[in-house]
Amino acid sequence: MLNQNPDEFVLKQIKNLCNERNWSLYRLSMESSIPYSTLNNLFRRGNVPSISTLCKICDAFHMSLSEFFADNNELTKIIRQITLVIEINIATA
């Protein structure tokens, strides 16, 4: 995030988190209770979501804002992978 525009980081991070989960923007809208049109406009226009919208997105990803903005180091990747495995296990149980 240090060498990146903060606005670009937020949208890129959302996109990366969706890709990790194989989620479409529609799936994110369903999981976060944010209208699809709102999410679509964020990406189309390059706008940064409001704090309340970003909190809903983080809730959908089962992460805090601090985790969202954390440097993408190996520990963060491992924690995300474990979380995904747990979510998959819960969903298939």
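The values are calculated or read from the model by the stated rules, or taken from the named source; none is laboratory data. Keep in mind that what you see is a predicted model, and the values were worked out from it rather than measured. Every residue, glycine as well, gets a Cβ built from its backbone with ideal geometry; the counts of neighbours run over all protein chains shown. Surface areas here come from the heavy atoms of the whole protein model, side chains and all, with no ligands, DNA or RNA. Shrake-Rupley method; radii C 1.70, N 1.55, O 1.52, S 1.80 Å.
Residue count for the range 47-62 under the criterion of being in contact (Cβ under 8 Å) with a residue 40 or more places away in the chain and part of a helix (DSSP H, G or I): the result is 2.
Taking residues in the range 63-76 that are loosely packed, with under 14 Cβ neighbours inside 10 Å, and partners anywhere that are at pLDDT 85 or above, the pairs with Cβ atoms closer than 6 Å and at least 6 places apart or on different chains are Leu65/Cys58.
Comparison of Arg27, Arg44 shows that the only residue that is part of a helix (DSSP H, G or I) and more than 21 Å from Pro6 (Cβ to Cβ) is Arg27. Name the residues in the range 22-59 that are at pLDDT 95 or above and of a type in the set (Phe, Trp, Tyr), would you? Passing the criteria: Trp23, Tyr26, Tyr36. Of the residues making up the range 1-54, those that are open to solvent by less than 80 Å² (accessible area, probe 1.4 Å) and aromatic (Phe, Trp, Tyr) are Phe9, Trp23, Phe43.
Here's the yes/no breakdown for (1) among the β-branched types (Val, Ile, Thr); (2) over 15 Å from Glu87 (Cβ atoms):
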site	(1), (2)
Cys18	no, no
Tyr26	no, yes
Glu31	no, no
Leu42	no, yes
Val48	yes, yes
Cys58	no, no
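Residues in the range 17-34 that are free of Cβ contacts under 8 Å to residues at least 12 places away in the same chain and within 13 Å of Leu54 (Cα to Cα): 1 in all.
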